[in-house]
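Colleague: Take a look at the following structure, please.
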Amino acid sequence: MKKLLQSLFILMFVAFNAIAQDRTITGTVTSSDDKLPIPGVSVKVNGAQIGAVTDANGKYSITVPSSATSLVLTYIGYASRTVKLTTSTVYNVILTSDSQGLSEVVVTANAIKREKRTLGYSAPTLNNTELTSGQNPSVINSLGGKIAGVNITSSSNTPGSSSRVVLRGGSSISGNNQALIVIDGVPIDNSSIIGGKSSLESVDFGNRGNDINPDDVASVTVLKGPAAAALYGSRASNGALIITTKTGAKGAKPQITFSTSNTFSSILKLPDLQNEYGQGYYDEVGTNDANTTYVNDPKENWSWGAPFTGQIQEYGQSIGGVRLTKPYSAQKDNLRDFFDTGFATDNNLGFSGGGDKTTFYLGLNSLNSNSTFPGKKDVYNRYNVRFNGTAELSEKFTAAVSFNYAKSNSKQPNGGQDDGGIYNNVLQTPRDMPITDFKDLNNPYYGYGVSSPGTYGYYGAYSKNPYWLIDNYENQNDVNRLTGNFTLNYKPASWLNITERLGLDTYTDRRLEKKPKFSFAPADDADNYTAGSNSQVSNGFYQISQYNVNEVVNDLMVTATKKFGEDFDVSLMVGNNIRMRNTSTNVTATNESGGLVVPGWYNLANSNGPVDVVTDYISNRRLFGLYADLNVSYKNMLFLEATARNDWSSTLPVANNSFFYPSVSGSFLFSEVLKKSSGFEFLDYGKLRTSYAQVGNDTDPYQLFTTFSRGEILGGFGSTTFPFGNVTALMAGSILGNANLKPERTSSFEIGTELGFLKNRLSVDFSYYVNNSKDQILSIPIPNSTGYGFSVTNAGEIQNKGIELSLRGTPIKTNSGLSVELYGTFTQNRSKVVSLRDGLEQISVGGYSGMSIVAAVGKAYGEFYGITEAKDAEGRTIVDQATGIPVNTTAAQYLGSYNPKYQASLGTNINYKNFSLGVLFDTKHGGVFYSRTRDIMAFVGTSAETGGARINTVFPNSVYLDANGNSVVNTTGYNKQDYFPNRADGANIVDATFVKLRTLSLGYTFTKEQLKSNRLSALSIGLFGNNLFIWTPESNQYADPEVNSAGAGNAQGFDFSATPSVRNYGVNVKVSF
Amino acid sequence: MKMKNIFSTKNFLFLLLASTVGFTGCKKFLDVNENPNNPDSATPTLLLPTVEASLGQLMGNSFQVFGGIWAQYWTQSPVAGQYRNFDRYSVTNTAFDRSWTTIYRNALVNADLIIKSETPNSDNVKGIAYILKAYTFQAATDAFGDVPLADALDATKSSSPKYDAQSAVYDSVFVYIDKGIALLKSSATTALGEQDIVFQGNAAKWTAFGNTLKLRAYLRISGVDAQKSQAGIRALYAANPTFLNEDAQIKYSTTGGNQNPLYNEAVGLGFVQNLGASATAVNGFKRNNDPRAFKFYDVIAPADTISNILNGASNLSSNSGKSISSPSALVGGRANNPASATAPVKLISSAESAFLQAEAVARGWAAGTVSALFQSGIQASFAATNLTSAQAAAYIATAPDAQLGTSAATQIKAIITQKYYAMCGTQGFEAWTEYRRTGYPNFLITSVTSVLGAGRTPLRFLYPNSEAVSNGNYPGTVVLYQPVWWDVATTVLPN
């Protein structure tokens, strides 16, 4: 460290020269593809740090010294060009698009721009157009299917909902596995805190990455492995998304761009239903044959009743001696009819430009969405203001400021098995109930408190009218967030650059959960319902949750570059990183069992009994890091990069809180060598790259010591909570601390190649990687018989191996302007839990007691584990010989991982004259998910699988075991009602394979000629859709496998009656002045 | 140019200063890892109420529900369904996760922390903790059979505690009681007052509790190891023990979170009345014209009868929508009567104490008069249900099930049967456990919708799923109808 500091200061105290300036050069940069001007192209004097950027009309103006001999023009997605300077002062330059990226510039760690050719690791980049083609309001969702090695899980895909981004399988057993999100060099928080008590009754308030407005994004570079991200240190062990936001151009006329998209949404996939049986159940005393009698119990949520007759019959409660009537037949589209068409408007106004020495970009965004649940209880509104500015303060000082204020508020429906869980109640509607009728809450037969105060008329005693739930339960949140940075750049000499950047990310997320207080007895006067027992009563609930997160990051980087002879270019960067993160969480609720005093008054002052302080938590963590980055290039074809970093973390024990980690990577542009020999003309570009890296990682604060908490003894649904009268009490906390923690280590090896053929009409990018994460700091669930629930320990190794393949080709490109581009990705990641602590076979990463999601030794990460139905060696279901009902395994079984076996995508971009068409399909193959949607529908007998003959039928492909344990084909019939409502949890594991039409876009761009008479400089209109269609295996009759009740956390593939996902489609218009 | 140089040098100096301060201050800068949110120590007096309240939740809620249903005081009411599967013996391992957590993570670990505490003058608290530890382990082993003990409660020793044989667990129970009673004699004490929510720190009462518990534990193994049982009881009596003559109970209030746990559970379930009167117990009370029945159950107006159904019959069409009598507020079982909130949870009742002594005498292992102890048990039960001594006397004189007989066998039958009546709604788990030990009362039925198969009834709890998935030494699930070690009385079909 001392040495590092010394070199840092030596580099600082160096003399510098000024450069004389002399003439001004101007010009226009256009694209070879469409002949349109390209804004934002970097124009630099070769060998000097003087530069400019083209404006909205592709124009640039640059003052160059007399010594300047050439200009270098670079732009993401285009081959860079060098233009020799003669005496002329106007140079119009045409850039050719270069998807292969011979000289493409990408933004890497710490906002450092690098030529792609020099990188020893895979760093694919998407520009704004590619990113926003599907008009998805989430930047993360917008990445789906577009880059190999990226696994996006979009959950419900509604604006504001959770989505998860994992690169190369994720490296952590119980910690964060998502990629770090970095905006303009500053990491930002992407927390996902689900609302509701747990994932079993979750309210999806999304992840904080949703605060990013995709329209502000100029490009996203995906740094997939630790090698790429080593400079970010511990936080980037899962890779990083490097987001660069839009900037203005110097000397450009102010440009205003307005875009609007209007999006409709509808449910993508609903469960298949049986249409044969209605409300009620069969009489268990009845004999097991055709004489079975059915009970048409009007208060049931079960559809285990008699087969449909189509005859008109009475149903529901009797009010004033009268019951409603309806035909006893199936309501085939009940589920779909319940949902409305969602609508969202996303407006963006961009204002950019610059003076001689300044640039600015101002982006305004508003997104207003009301999703598919009826009424306005699933709304999401987001407002963003972004300002990016740069100024040349003097010849040597430049400053940049980048700030974004995001405000969002949303209302989200209750999910899972919560009292107010809307979808859960919809799913429990008997097959003959006309659900849309129940919308009329003023109807005495559908409403609550209508026919007389304190009574309800709704038919269901065990379920509630979902429309009433929507009206009476509410979950709101309100987020205010400021992110941004100040950057000061000092360039004392042409070879030395000092950058100081202070970044800030601070937000508050305030949530309110409201559950009504009510007491309704059935209005029924026909003795079908009982006042005492069928009453619907709730004490009400009100909870305020306040999450504050504040993070300050400071980087000081000194870079020296030097050319040694003709062939060697060397640069060395040393830097220092300081990170401070403070969070606080306050969750306060009305008394858990007392609830509210006065109905409808949602205030803690209305608590019936002492206010419940659910969480009062603050945390501080700090990190100090020093790093160095050495780059050497030889003849611009052989590149070597080495990085080193040492971190000191506040969260580790003092003895172990310093950790060092290096990385080295190289790339070899072998096409440069082959160029000289004949026979390789077909190859335009060929690069081999390899890297090895280590990253250390600290842990969360306060993991070192065991603590005590307030006495609270949980029952199944209630609890005994201290103070008990005047008696106070403490109890042992649930987590055993560990004062000897060591930092975690992730190491990664990667080898890959990039190839361009046939004048770059075909390109290939391939990577193979192995990541190993060791000494993971885990809060291991230990048996409760130890007296504790979890033990913090360094244990475990997880390995991810995989391949990533990207192909891109342009098979058709005609002079008439037709071009067809095809692209595809293939990703296969094999994760494996190599070891845990000695004697420990697995730990749980989520789920619930009936179905754990575990990391088990020898298995893939995220394996489902639970009791399931026993099968014999031939895969036949074992049933009880006497009952004909499947028997369950005596111990929990591994039931498959949520991780796909492989992912792939296939897309095309077709351009013809003014039209452009984009289509992208993607698939995840293999993997399973747990569907509680399936479970609850089996329970109430509404799913298709509960249909068909129900009485005395033989379980398909079943055997029983005889006294010797041999399988004997089973002929004993069973009654489905005795089986489906009480199935082992393992029966609810469903194949998660899917193919989706991820995006479809059709655009029309007006040419300059068409717009000539207008003031407009650009105009395009488009139709778009995302998440449009899904194909699933026949066995998945339940849900989109991407839905998830645990938000963006590690418990994936967990459909606990999760809100169904939506397809979005609409129209967008973009206009520039 | 000169100006610029000066400016730059200043700037560099500032940076140098900032970096140096940053570096030397590094240690201080990083020293922010002390948890501001939770205390890192707790005194025994602050831990004791947690242990006691945990037993309140255990015996008053999860064990009470299973015990109450399987002892057939209660059944699932046809108008709801929460406990329907328990009533049909159709349970999964997950149903026992909560009980296990309450036992080990709430009651035992905190009792153990008290015992290990270095806080001075804590002998009396440690004595109580030992006795409660014994009580909890007995409940755990009576429910689950073999359970972790020697390896348990110390993750540094084993993160996968082995399961100890039930006989070994019983051996430890006796040792803990002895240690507890010895510590209660110490003078290095702390005044507990209200922090002891059972006996307010009264060492004499805790000693009596320990003796009574020891008697209960020795009698439990009387079938499987009569010799040890007899020797233990003789040794106990030789020391002139005091036994409980009042209920060891926790009193609750109507404050949210301080309510009777069974009622508190019903509140959490939206006030749904799941528990109803079982025909088994109600018919027993009726046969004996027992006035306590109207205390243990609410009547259904206007008939003024205790409407009941058979265990497991809630789902039969004949009972569809039928409203049956619920357990009363006196036992915390009436979901929509706030008076249920104040029902106490009884760890050991004075009636039980008397019946235990009566049995010891009836077996000839202790001196005393069986009939006196037997009658005082019935008297205590009547008193606990706010009935008069005269009513009790009339019952004793006339009730067929209150006739003691002369042989040890008939006496034990009468004692256990009377203990069964006395424990209705308040000590369901203990009643079911004594039924497993003795086969009394002999009028229990098999759930009419049993899923276990002919001749099988629940004889233990299933190990919790949480152990199955986290404990490397998980012994495997033992079926519900497999008797525990001391259970040699009930006829059981082989596994």
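The values are calculated or read from the model by the stated rules, or taken from the named source; none is laboratory data. These numbers come from a predicted model, not from an experiment. All Cβ positions, even for glycine, are placed from backbone atoms using ideal geometry, and neighbour counts span all protein chains on display.
Colleague: Within the range A:266-297, take every residue that is assigned to a loop (DSSP other than H, G, I, E, B) and within 9 Å of chain B (Cβ to nearest Cβ) and give me the one that is modelled with the lowest pLDDT.
Modeller: A:Gly286
Colleague: Let me ask you something else. For the structure I just gave you, tell me whether B:Asn35 is at the interface with chain A (Cβ under 8 Å from one of its Cβ atoms) and at pLDDT 85 or above. Reasoning before the result, please.
Modeller: Numbers: at the interface with chain A (Cβ under 8 Å from one of its Cβ atoms): yes; at pLDDT 85 or above: yes.
When the stated conditions are applied, B:Asn35 passes them.
Colleague: Another question, then. In the list A:Gly866, A:Gly850, which residue meets the criterion of being under 34 Å from the mean Cα position of the chain (by Cα), touching a residue at least 60 places away in the same chain (Cβ under 8 Å), closer than 30 Å to A:Asn151 by Cβ and crowded, with 23+ Cβ neighbours inside 10 Å? Steps first, answer last, please.
Modeller: Working: A:Gly850 fails: crowded, with 23+ Cβ neighbours inside 10 Å.
The unique qualifying residue is A:Gly866.
Yes/no matrix, rows are residues, columns are (1) at pLDDT 95 or above; (2) farther than 21 Å from B:Leu347 by Cβ; (3) among the small types (Gly, Ala, Ser); (4) touching a Cys at 6+ places or on another chain (Cβ under 7 Å):
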| site | (1), (2), (3), (4) |
| --- | --- |
| B:Lys157 | no, yes, no, no |
| B:Ala168 | yes, yes, yes, no |
| B:Phe174 | yes, no, no, no |
| B:Asp178 | yes, no, no, no |
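Colleague: If you take the residues in the range B:259-284 that are in a loop (DSSP other than H, G, I, E, B) and in contact (Cβ under 8 Å) with a residue 40 or more places away in the chain, which one is surrounded by the most Cβ atoms within 10 Å (Cβ to Cβ)?
Modeller: Across the range B:259-284, the extreme among qualifying residues is B:Asn260.
Colleague: Something else about it: Before we move on, is B:Leu213 crowded, with 24+ Cβ neighbours inside 10 Å and away from chain A (no Cβ under 14 Å)?
Modeller: Here the answer is yes, as B:Leu213 does meet what is asked.
Colleague: Give the range B:289-318 a look and list any residue that's within 12 Å of chain A (Cβ to nearest Cβ) and either part of a loop (DSSP other than H, G, I, E, B) or among the aromatic types (Phe, Trp, Tyr) (or both), or say none.
Modeller: Those that are within 12 Å of chain A (Cβ to nearest Cβ) and either part of a loop (DSSP other than H, G, I, E, B) or among the aromatic types (Phe, Trp, Tyr) (or both): B:Asp298, B:Ala301, B:Ser307, B:Leu310, B:Gly312, B:Ala313, B:Ser314, B:Asn315, B:Leu316.
Colleague: Counting just the residues of the range A:112-150 that are more than 24 Å from A:Leu572 (Cα to Cα), crowded, with 23+ Cβ neighbours inside 10 Å and of a type in the set (S, T, N, Q), which one comes out farthest from the chain's Cα centre (by Cα)?
Modeller: A:Ser133
Colleague: Then there is this: A:Pro723 fails exactly one of the following numbered conditions: (1) more than 7 Å from every other protein chain (Cβ to nearest Cβ); (2) in contact with a strand residue (DSSP E or B) (Cβ under 6 Å, 6 or more places away or on another chain). What is the number of that condition?
Modeller: All conditions are met except number (2).
Colleague: Go through the residues of the range A:956-971 one by one and say whether even a single one is in contact (Cβ under 8 Å) with a residue 24 or more places away in the chain, closer than 15 Å to A:Ser931 by Cα and part of a loop (DSSP other than H, G, I, E, B).
Modeller: Checked the range A:956-971: no residue is in contact (Cβ under 8 Å) with a residue 24 or more places away in the chain, closer than 15 Å to A:Ser931 by Cα and part of a loop (DSSP other than H, G, I, E, B).
Colleague: Only one of A:Val770, A:Val820 is out of contact with any Gly (no Cβ under 8 Å at 6 or more places or on another chain), under 19 Å from A:Tyr78 (Cα atoms), modelled with pLDDT of 90 or more and more than 14 Å from chain B (Cβ to nearest Cβ). Can you tell me which?
Modeller: Numbers: A:Val770 fails: under 19 Å from A:Tyr78 (Cα atoms).
Answer to the check: A:Val820.
Colleague: Among the candidates A:Ser7, A:Ser88, single out the residue that is modelled with pLDDT of 75 or more, of a type outside the set (A, V, I, L, M) and either surrounded by 14 or more Cβ atoms within 10 Å (Cβ to Cβ) or outside any strand (DSSP E or B) (or both).
Modeller: Going through A:Ser7, A:Ser88 in turn, just one is modelled with pLDDT of 75 or more, of a type outside the set (A, V, I, L, M) and either surrounded by 14 or more Cβ atoms within 10 Å (Cβ to Cβ) or outside any strand (DSSP E or B) (or both): A:Ser88.
Colleague: Quick check on my filter: what residues within the range A:561-607 are assigned to a loop (DSSP other than H, G, I, E, B), of a type outside the set (Gly, Ala, Ser) and surrounded by 18 or more Cβ atoms within 10 Å (Cβ to Cβ)?
Modeller: A:Thr590, A:Asn591, A:Glu592, A:Tyr602
Colleague: Looking at the range A:340-360, which of its residues are of a type in the set (Asp, Glu), under 14 Å from A:Asp55 (Cβ atoms) and crowded, with 22+ Cβ neighbours inside 10 Å?
Modeller: Correct list: empty.
Colleague: Identify the single condition in (1) in contact with a Leu (Cβ under 7 Å, 6 or more places away or on another chain); (2) surrounded by fewer than 22 Cβ atoms within 10 Å (Cβ to Cβ); (3) within 14 Å of another protein chain (Cβ to nearest Cβ); (4) not aliphatic (A, V, I, L, M) that A:Gly733 does not satisfy, given that it satisfies every other one.
Modeller: Unmet for A:Gly733, out of (1) in contact with a Leu (Cβ under 7 Å, 6 or more places away or on another chain); (2) surrounded by fewer than 22 Cβ atoms within 10 Å (Cβ to Cβ); (3) within 14 Å of another protein chain (Cβ to nearest Cβ); (4) not aliphatic (A, V, I, L, M): (1).
Colleague: Of all the helices (runs of 4 or more DSSP H) wholly in the range B:380-460, which have at least 2 residues that are more than 22 Å from the chain's Cα centre (by Cα) and surrounded by fewer than 19 Cβ atoms within 10 Å (Cβ to Cβ)?
Modeller: B:389-398, B:408-422
Colleague: Against the condition within 11 Å of chain B (Cβ to nearest Cβ) and of a type outside the set (Asp, Glu), how does A:Ala523 come out, does it pass? Give the steps one after another, and end with the answer.
Modeller: Values: within 11 Å of chain B (Cβ to nearest Cβ): no; of a type outside the set (Asp, Glu): yes.
So A:Ala523 fails the test.
Residue-wise test of (1) over 15 Å from A:Gln317 (Cβ atoms); (2) in a strand (DSSP E or B); (3) of a type in the set (Val, Ile, Thr).
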site	(1), (2), (3)
A:Asn443	no, no, no
A:Pro453	yes, no, no
A:Glu500	yes, yes, no
A:Thr508	yes, yes, yes
A:Asp524	no, no, no
A:Val549	yes, yes, yes
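Colleague: Only one of A:Ser678, A:Ser691, A:Ser671, A:Ser649 is of a type in the set (S, T, N, Q), surrounded by 16 or more Cβ atoms within 10 Å (Cβ to Cβ) and either free of Cβ contacts under 8 Å to residues at least 12 places away in the same chain or within 14 Å of chain B (Cβ to nearest Cβ) (or both). Can you tell me which? I'd like the intermediate steps shown before the answer.
Modeller: On the way: A:Ser678 fails: surrounded by 16 or more Cβ atoms within 10 Å (Cβ to Cβ); A:Ser691 fails: either free of Cβ contacts under 8 Å to residues at least 12 places away in the same chain or within 14 Å of chain B (Cβ to nearest Cβ) (or both); A:Ser671 fails: either free of Cβ contacts under 8 Å to residues at least 12 places away in the same chain or within 14 Å of chain B (Cβ to nearest Cβ) (or both).
Residue meeting the stated conditions: A:Ser649.
Colleague: Where the second residue is buried (at least 17 other Cβ atoms within 10 Å of the Cβ) and of a type in the set (Asp, Glu) and the first is in contact (Cβ under 8 Å) with a residue 24 or more places away in the chain and lies in the range B:285-305, which pairs have Cβ atoms under 7 Å and are six or more apart or on separate chains?
Modeller: B:Asn288/B:Asp401
Colleague: Related question: Hey, can you tell me all the residues within the range B:101-128 that are in contact (Cβ under 8 Å) with a residue 24 or more places away in the chain and under 12 Å from B:Ser54 (Cβ atoms)? Give the steps one after another, and end with the answer.
Modeller: So in the range B:101-128, the residues in contact (Cβ under 8 Å) with a residue 24 or more places away in the chain come out as B:101-104, B:106-114, B:117, B:119-128.
B:Thr101, B:Thr102, B:Ile103, B:Tyr104, B:Asn106, B:Ala107, B:Leu108, B:Val109, B:Asn110, B:Ala111 - these are the residues of the range B:101-128 that are in contact (Cβ under 8 Å) with a residue 24 or more places away in the chain and under 12 Å from B:Ser54 (Cβ atoms).
Colleague: Further, regarding this structure: Residues being part of a loop (DSSP other than H, G, I, E, B), more than 14 Å from every other protein chain (Cβ to nearest Cβ) and touching an Asp or Glu at 6+ places or on another chain (Cβ under 8 Å): count how many of those fall in the range B:155-186.
Modeller: Number of matching residues: 2.
Colleague: Do you know which residues across the range B:39-48 are crowded, with 17+ Cβ neighbours inside 10 Å and within 7 Å of another protein chain (Cβ to nearest Cβ)?
Modeller: B:Ala42, B:Leu46, B:Leu47
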